[in-house]
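Undergrad: Would you mind keeping the following structure in view while I ask a few things?
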Amino acid sequence: MKKTITASILFIISIISGYSQFNYSQEFGKVTQYEMSMSQYEQDKDAEAVVIYDLGDYYFRPDESRGFLLSMERKVKIKILKQAGTKYANFEIPYYSENREWESIEKIEAITYNMEGGQLTKTILDPKNIYEEKVSNNLSIKKVALADVREGSVIEYKYLITTPYFFNMRKWDFQKKIPVVYSKLKYKAMPYYEYTYILRSINKFDEYKATPLNDEIRFGHLVYKEMQYEFGLKNLPAFKDEEYITSEQDYLISLYFQLSKIYYPRGGSKEIMTTWPAMCDDFLKDNDFGKYIKNSEKESKKILSTLDIASKTPLEQVEAITKYVKEKYNWNGNYGKLSEYSVSDFIKKQTGNVANINLFLTGLLRSAGLEAYPIILSTRKNGSISLSHPFQQFFNYTIVLVRIGEKIYYLDATEPLLYYSDLPERCLNVNGLVVKPKSEEWVSIRQKELSISQKNFILDIIPEESKMNVKARFAGRGQKAYNYRSTYLGKTENLQKELKSNNNIDVKGDINIDENDDLDKPFVFSFAFDASFENLSDKLFIHPFCNLSISDNPFKQTKRTLPVDMIYMQSDFYRSEINIPEGYKINYLPSPYIVDDNLVSIQYTVQKENNKIIINAGYTLKQNIYQPQNYISLKMSFAEAIKRFSEMVILEKE
């Protein structure tokens with residue numbers, strides 16, 4: 001939904017009852033008897049907390065030394081209904097700074113209300129409970145923790161953000177993970193800055209008002225009047241986290257702002273939000289993007305001469321250059337569409353943000369004569385891009401596209417343990433904008449390779465001790481191999497801790513790693529452990545996979561309205577060789593089972609060879625994204641797989 005904030009906007013106002021002035025108070029520092037006595041929220045009796053109000057006030061403030069500043073006030077009151085809801089008494093406020101310009105967080109106030117012995121008590125926020133965390137050179141976070149919060153408490157807090165960055169008008173989230181009784185944003189527009197906005201996940205407001213303000217504001221030689229807009233919603237349900245979605249930001253009811261036009265007091269105007277091609281041109285002119293790539297090309301000549309790539313094929317050159325960047329430079333953990341450091345500083349520090357690393361990689365690839373372009377995107381957790389709204393704020397990440405003949409490869413040099421052409425999960429199933437001059441080219445980024453897990457077991461049964469000596473061999477390919485490598489990091493004790501933590505396995509002896517530095521090959525390790533089984537009436541009840549096959553259905557909902565995003569296609573396979581102990585024979589073997597359709601394949605096979613039982617089982621998810629109408633079928637298929645994979649082999653005395 002696209003709107004430009006001007007006096008001509010009309011909305012159909014649908015007034016919804018429910019916010020009673022007698023039940024709730026919007027006056028900071030005051031609570032009502034109803035708020036204190038609430039034990040549950042009638043519209044969501046399972047809610048752990050409820051937002052009573054969330055009120056915002058955005059306006060421009062003249063400043064003699066800094067010009068116009070954008071002020072954003074926020075005031076929030078929350079009722080804590082259950083112990084689990086006390087986490088909402090901790091909140092964070094991110095703020096930005098660059099060079100000599102900075103945002104400030106001011107007037108942080110907070111109160112905790114409790115009833116003790118029939119008396120209302122107030123706990124005022126102690127400034128010592130306000131913490132500062134620097135995330136990057138430009139981004140910091142104020143962390144606030146309210147005290148004496150418990151089930152039954154009412155908390156309220158307010159603060160003011162002041163910023164010189166008009167692009168940074170904060171989006172307004174009407175909806176939360178807990179119910180919201182009332183949420184309202186007021187915005188006072190001045191005639192010099194025009195904003196476009198997107199309202200997500202809803203079509204209209206419960207309350208909307210546009211009011212011309214009569215007071216004249218004087219600042220220097222300027223004299224102007226403001227227009228006040230009010231956007232309100234009531235009785236918003238909690239956003240229930242659905243498993244397997246890209247980002248909750250794609251589905252929360254929110255209002256996004258983008259500065260679209262500047263009107264100059266002496267006449268004339270400047271378009272800020274224009275078109276995607278114009279945005280691409282702006283990026284290519286930017287010192288921290290396009291010019292950074294060109295400077296990387298200049299630096300690359302002495303680097304490429306050391307890589308001995310002249311005789312390699314183009315694809316081998318891509319692999320060699322990407323591998324060099326991964327091994328030489330470290331990602332500092334910060335995202336970004338623009339580089340944090342200059343090329344010279346990046347080379348000296350050998351560390352930088354995502355843009356530093358991948359724009360540098362782009363420059364090296366181009367210098368080697370390869371066709372390479374930067375791609376800007378929004379990571380999975382950051383939310384999707386609205387293709388009809390050229391908002392720079394949507395983007396928070398940069399990768400590289402390389403074209404060799406008719407084939408396209410996507411590169412990200414931030415993760416040294418991933419194969420050179422594999423992307424991290426945060427970049428998958430999203431749209432990316434290829435940054436070329438005067439161009440609008442979108443690509444849909446998917447992982448083409450399967451993530452495969454294989455677990456093999458050899459079981460030597462000791463009936464008199466009701467235990468099995470188990471020899472296990474685990475292998476991972478693709479994303480699963482990356483997960484194993486990220487745990488291992490050259491130390492087998494890391495794998496040992498992981499096996500104990502996740503599977504309650506006590507490893508006997510050493511873990512043996514199949515040494516292989518090729519990241520496109522599986523990561524394989526072997527180990528031994530003991531497992532128990534039931535021994536009843538001379539019958540042995542054996543779990544072929546030692547209770548390590550899938551046992552928890554990932555699809556738990558009774559219905560699904562959103563797509564099921566599995567990130568990538570994946571397979572889990574299991575193999576068990578059960579050595580039948582002397583003096584025992586087979587009493588029961590599970591039946592074979594095979595399902596193979598366009599959604600999933602499941603297999604379970606059983607065979608007997610001499611004095612050995614061999615069982616193979618596994619499933620493959622054939623799509624990385626499933627539509628909601630397939631959800632119940634997936635759920636039922638997994639329920640059947642879990643049932644089959646959990647079946648026992650029964651042995652009895654001869």
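No lab work stands behind these numbers, since they all come straight from the coordinates. Quick caveat, the model's predicted, so the values are computed rather than measured. With ideal geometry, Cβ positions are generated from the backbone for all residues, glycine too; neighbour counts draw on all protein chains shown.
Undergrad: Under 5 Å between amide hydrogens, which residues at least 5 positions from GLN228 or on another chain qualify, with H placed 1.01 Å from N in the peptide plane?
TA: Residues meeting the criterion, in which the H sits 1.01 Å from N, are ALA189, THR211, LEU213.
Undergrad: Among GLU647, GLU103, GLU243, rank each residue by its count of other Cβ atoms within 10 Å, from fewest to most, as a rough exposure measure.
TA: Ranked by crowding around the Cβ, least crowded first: GLU243, GLU647, GLU103.
Undergrad: Could you compute Rg(Cα) / (2.2 N^0.38 Å) for the range 276-445, with N its residue count? Don't jump to the answer; show the numbers that get you there.
TA: On the way: Rg = 14.8 Å, N = 170, 2.2 N^0.38 = 15.5 Å.
In units of the globular-protein estimate, the range 276-445 measures up at 0.95.
Undergrad: Okay, moving on. Work out from phi, with θ = phi - 60° and the Karplus expression 6.51 cos²θ - 1.76 cosθ + 1.60, the ³J(HN,Hα) of each residue of the range 634-640, listed in order in whole Hz, and give x for Gly and Pro.
TA: Using θ = phi - 60°, the values come out as 4, 4, 5, 4, 5, 4, 5 Hz.
Undergrad: May I ask which of LYS312/LYS521; LYS326/LYS497; LYS323/LYS521 have a Cα-Cα span longer than 18 Å here?
TA: LYS312/LYS521; LYS326/LYS497
Undergrad: List the relative contact order of the chain as a percent without decimals, with contacts defined as Cα pairs under 8 Å and 6+ residues apart.
TA: Value for the chain: 9 percent.
Undergrad: Debye calculation, C-alpha points only, no solvent: report log10 I(q)/I(0) for the range 457-653 at q = 0.07, 0.19 Å⁻¹, in the same order as the q values.
TA: Computed log10 I(q)/I(0) values: -0.24, -1.35.
Undergrad: Now, a different point. If you wrap a convex hull around the alpha carbons of the range 178-266, what volume per residue comes out, as a whole number of Å³?
TA: Details: hull volume 10.9 nm³, N = 89.
Measuring per residue, one finds 123 Å³ for the Cα hull of the range 178-266.
Undergrad: For the range 32-47, in order, what is each residue's ³J(HN,Hα) by Karplus, 6.51 cos²θ - 1.76 cosθ + 1.60 with θ = phi - 60°, in whole Hz (x at glycine and Pro)?
TA: 9, 4, 4, 4, 6, 8, 4, 10, 7, 9, 4, 7, 7, 6, 8, 4
Undergrad: Calculate the radius of gyration of the Cα atoms of the range 373-502 to one decimal place, then report Dmax, the largest Cα-Cα distance, as a whole number, both in Å.
TA: Over the range 373-502's Cα set, Rg and Dmax evaluate to 21.0, 77 Å.
Undergrad: Let me ask something else. Which ³J(HN,Hα) values in Hz, rounded to whole numbers, follow from the phi angles of the range 378-383 under the Karplus curve 6.51 cos²θ - 1.76 cosθ + 1.60, where θ = phi - 60° and Gly and Pro get x?
TA: Ordered by residue, 3J(HN,Hα) equals 10, 5, 3, 6, 7, x Hz.
Undergrad: Still on this structure: Going by amide H atoms built from the backbone, whose H comes under 5 Å of the H on MET648, apart from near neighbours?
TA: Correct list: empty.
Undergrad: So what is the calculated 222 nm ellipticity per residue for the chain, using -39500 (n - 2.57) for each DSSP H run with n of 4 or more, over all residues, to the nearest 500 deg cm²/dmol?
TA: Rounded to the nearest 500, the figure is -5000 deg cm²/dmol.
Undergrad: How big, on average over all directions, is the shadow cast by the Cα convex hull of the range 2-243, in nm²?
TA: Taking a quarter of the hull surface, the average projection is 15.7 nm².
Undergrad: Right, next: When SER71, SER296, SER551 are ordered from fewest to most other Cβ atoms inside 10 Å of their Cβ, what list results? Please list the in-between numbers first.
TA: Working: SER71 16, SER296 24, SER551 10.
Exposure proxy ranking, most exposed first: SER551, SER71, SER296.
Undergrad: For the range 276-445, calculate the relative contact order in percent as a whole number, restricting contacts to Cα pairs under 8 Å that are 6 or more residues apart.
TA: Computed value for the range 276-445: 26 percent relative contact order.
Undergrad: Local charge sum around THR351 (other residues, Cβ-Cβ under 11 Å, Lys/Arg +1, Asp/Glu -1)?
TA: Taking every other residue near THR351 into account, the sum is +1.
Undergrad: Excluding residues fewer than 8 places away in the same chain, name every one of the lysines whose C-alpha is closer than 18 Å to that of LYS79.
TA: Of all the lysines, those that pass the test against LYS79 - Cα under 18 Å, at least 8 places apart if same chain - are LYS30, LYS45, LYS87, LYS122, LYS158, LYS176, LYS177, LYS184, LYS234.
Undergrad: A further question follows. Per the Kirkwood formula on distinct C-alpha pairs, the Rh of the chain is how many angstrom?
TA: 29.2
Undergrad: Long-range amide H contacts for ARG446: which residues qualify at under 5 Å (H placed 1.01 Å from N, peptide plane, sequence gap of 5 or more or a different chain)?
TA: HN-HN under 5 Å from ARG446: ASN429.
Undergrad: At what distance in angstrom do the alpha carbon centres of the range 232-266 and the range 401-444 lie from each other?
TA: Between the Cα centre of the range 232-266 and that of the range 401-444, the gap is 27 Å.
Undergrad: Would you order ASP538, ASP215 from fewest to most other beta-carbon atoms within 10 Å of each residue's own beta-carbon?
TA: Numbers: ASP538 13, ASP215 6.
Fewest to most other Cβ atoms nearby, the residues stand as ASP215, ASP538.
Undergrad: Same structure again: Distance from the Cα centre of the range 268-292 to that of the range 538-553, in angstrom?
TA: Computed from Cα coordinates, the inter-centre distance equals 60 Å.
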